[in-house]
Every structure is written in C-alpha cells, then in structure tokens.
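Visitor: Below are the structure tokens for one structure; questions will follow.
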C-alpha cells in the first residue's frame, strides 16, 4: 500500500471517529433533556420518536445522494476483448449493420450492404484467396494456367489478355481449405480503360489473403510504389520473377539477389522466387519443336508452405482488414449525411436569428455573443449526430461558446468585417438594422459549424479546446469565396427585405440633376426630394 493511500485511510478512520463521537454526544444530550422534562418511563419512547422524525426529515435530503453513489458503484461491465481476429471482425460487422441502418441514401446503403454480406460470407467461407497481380506483360495468366494444369488438368476458361478478374479453384496437399486463384487485369496500362482495369485489380489485391506479385524483369519504380502500398496494408506477398527460361542461371541469380535487396523489409527473402509459366519452345531440326514444362516448383513449394503455416492467420487478418475498411466507408457516408443535415439546420437558424435581430435590433453589439447561438439549434444538431441532449444542456453549451466568441474578440471582429463588406451596399436608413442582423447571422453560422465539429468528434473539442475550434472555423469563414457567398445570401434575405419594407427617398441620379438644372435656368427653385422644415418667415 502506498504512503498516500495509508494517510487517506487513517484520515478517514479519524473522521469517522469524530462523527460517531458527535452523534453519541448529541444523543446523550437529547436523553438528558428528555429526562429533565419527562418521566423516566417516557424517555425511551420519546427518544425513538424523535430519532424517527429526524430520519424522516433527513432521508429525503440524503436519499438522492445515496442513490447516485450506489449507481456510481455499480459500474457498467466493460466489454471483453475479442478472443480472436474472427471475433473482432464479427463485432465490426455488427456495428456496420447499425451504421447502415442510419443511411438515407438507398443506393449507397445497398452497395455497402452487399459488401458487408460478402465480408460476412468470407468469414464463414473455407477458401483461401490467392490473387495473382502485376503488369500486363509479366505473364500472370500463363503462370495461373501452369498452376492449374499441374493440379487439375486443362483449364476450362479461355486464357489470354485478361480484361477482368477471373477466378479458379484448386487444392493443395496438406491443406484443409481449398484455394481460390484470381487472375487480375494488368496494372500500369495507358488510357482510361487501363486505369479502370488497374483500379479493379487493386481492389481485388486488397481482398487477397496471399498476393503473388509477378514480374518479368527488374522491379520498376512504379511497380515498387504499388508493392509498397499493398505492403503498408499488411498484405503478405510472394514476389515471383517470371520467364526465368529467357535468362541464364547467372542472370537469374543476380536479379533475385537484386530484388531481395530492394524489397528488404517489405518482402521476406525466402518469398522472392523465380518461375516460368510458359517456357519458350525449343526448335528441333527436322522435328516438332520441344515444349518444356513450366518451371513452377519453387513457387508451388513456397506458396504451399505459407498457406499451411500461416493460412488461418492470413485469412483472419484479411477479413478484419476488410471489415475495418467497410466500417470506415460506411462511417464516411454517415458523416457526410449528418453534415448535410446539420448544415441545413444551421442555415435555418442563421436566417431566423437574423430576422429576429432585424425586427428588434440589439442595443449593443457585444450582446451578439449570446444572441449568436441558439439552444434549440444545438439540441437539433446533437440529435443529428445521435446525441441525446436537453434544452437546458444545449443552452449551457451555447452560452459557453458565446462567452468564448466574446473573449476571443470574434464578435467585434465579425462586426467590423461585416461593416467593411457591406458599407458600400447598405442604404443609410437600414444600415444599423441590417448590419446587426447580418453580423448576428454570421456569428450564428460560425457557432453552429463549431458545434458540428464538436459533435462529429464524439463531443470532444480536441486538444486545443473550444477556442481552437472557433478560431479555425473563423479563419475558414473569412475566406474570400466563403464570405462572398454568405454576403450574397445576406443581401437577398436581410438587406433587400429591409429596403422594401421602408419607403426610401429616391437617389439623386443624372436625370434628377438635369431636371434641377432646367428649373434653375427658368428661374424656378428646384423641388426638394423631401419636404424640409418651414422657415420662420413662411410661418408668419
């Protein structure tokens, strides 16, 4: 036991002794008082009655506190950590299903639901997926053909230039699970069609339990970049140097050593092997050319060893990776949906607040620090992000952000910014109202978007706190394009209604000036734009 805990224990015992002594002293004093006023046979019942009354008075006061302490002691049991990768993936899939139920986009929800079902089926499936991946000229298809022919005879599907992913199934001795071989389109091909095929090939590579990365020469920089990206995802890869029949033993050994050095830390040394899926035929004078058998023994042995020793872990890791990627995709869509809904709520309250200020202008700009935020707006934003919040809680949160706006000088800065932007566009008679209304609208939008950040981060302001979020949003809102769009809306929603609601004097344009000049030339005094006060002589 530490010294601090020991001192706390001794202090608690001492405090308990003091409290008990005070209680006993109070009871003793009460007994003495009762003995003075009552007969001896009534002292006991009277004492019990007094103690009962005191208990009835004290319990309603201490009851809620005791119940809260009791609830605090009953801690929620922490969920147990998943016992395996399969269990972790299953839990991820259950959470994904809850996320998908909240999506309003039916097309996106259906697509993600199909992917979730595929991953769930992969969790129960018995096949190990081996994806053959590489550039279009590396000989992937011929290598697969050699593997399949060696195992199960002739290949049923037509071979050649692969336009889309082809799937085949085979079995290896010593493996309880079957192997699903996938032939992918070549990567690094030119044109839009080539990019589309590469995207399809990469998606299939990400879904692989084991990846066969096929080369026909030294590793190019573009190929290494793809290989590293897949390695960063945790993909177990066997690097296959194909077409070894076209090189001598010395050249082949040199290339293998070079590849092992370049891929050190990314691909294990023993996972860099050579092969020849379709050796070139050897011409024979006066006879039929000799067709050598494919040289795939080294690849076959290495692939079988990896799948036997690590197949279950590779399968579990891959399923867990897919479930996490699917969870990220569904969460991104849900965040986009929530952001769109929250933006609509903020925009609605922006112009509601602006209209209220325009009707009843505030006497001081500093009051906008609290008027800029609205408790109901906070509650509605919280509901969008799945947070239950009362109006009182929303009001406290809104007032806290309002004080932050004022302390950071955002209120006065916003008023100055709006004044400078609207100075040339506001008529004199509506300038005060319009400026306060537009400033209130801008501050409300700033506060609302700050709350969106808060709720999207699981009710966390981040390391910099509320002030940092407000400052960052303030800087974002001050961008030229953003301010321009906001002012266009403000002019249409605030300034123009105020202009139409009050009869403004006609502005003195070129025609009015010309008419006044003609009147002066004719000896007539020009008619004023509005009647002025009568002179003393005219009143007489």
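Quick note: the coordinates plus some simple rules give every number you see, no bench work behind them. Worth saying up front: this structure is predicted, and the values here are computed from it rather than measured. Because the Cβ atoms are built from the backbone with ideal geometry, glycine has one as well, and the counts that use them run over all protein chains shown.
Visitor: Over what distance in Å are the Cα centres of the range 319-340 and the range 1-45 separated?
Guide: Taking the Cα centre of each part, the range 319-340 and the range 1-45 sit 61 Å apart.
Visitor: Applying 1/(1 + (r/R0)^6) with R0 = 35 Å to the Cβ-Cβ distance of residue 335 and residue 420, what FRET efficiency is obtained, to the nearest 0.05?
Guide: In this case the efficiency is close to 0.50.
Visitor: Contour minus end-to-end for residue 476 and residue 200, with contour as 0.36 nm per residue of separation and end-to-end as the Cα-Cα distance?
Guide: Details: separation 276, 0.36 × 276 = 99.36 nm, distance 3.71 nm.
Here the segment from residue 476 to residue 200 would lengthen by 95.7 nm.
Visitor: Out of all DSSP beta bridges with both ends in the range 125-280, state the antiparallel percent to the nearest 5. Kindly include the intermediate steps, with their values, before the conclusion.
Guide: Values: 5 of 24 bridges.
The answer is about 20 percent antiparallel.
Visitor: For the range 125-280, place one equal point scatterer on every Cα, skip the solvent, and apply the Debye formula. What is log10 of I(q)/I(0) at q = 0.09, 0.19, 0.21 Å⁻¹?
Guide: One equal scatterer on each Cα of the range 125-280 leads to -0.27, -1.29, -1.52.
Visitor: For 273, 23, which order do you get if you count the other beta carbons within 10 Å of each Cβ and list the fewest first?
Guide: Working: 273 21, 23 10.
Least crowded to most crowded, the residues run 23, 273.
Visitor: Now for a different question. Report the rotationally averaged projected area of the range 20-62 based on its alpha-carbon convex hull, in square nanometres.
Guide: Numbers: hull surface 13.0 nm².
Projected area, direction-averaged: 3.2 nm².
Visitor: Further question: How would you rank 215, 24, 487, 38, going from fewest to most other Cβ atoms within 10 Å of each one's own Cβ?
Guide: Starting with the residue having the fewest Cβ neighbours, the order is 24, 38, 487, 215.
Visitor: Got a sec? How would 141, 453 order by Cβ neighbour count within 10 Å, fewest to most?
Guide: Result, fewest neighbours first: 453, 141.
Visitor: Something else now. Return, for the Cα atoms of the range 249-337, the radius of gyration and Dmax in Å, separated by a comma.
Guide: When restricted to Cα atoms, the range 249-337 yields Rg and Dmax of 21.4, 74 Å.
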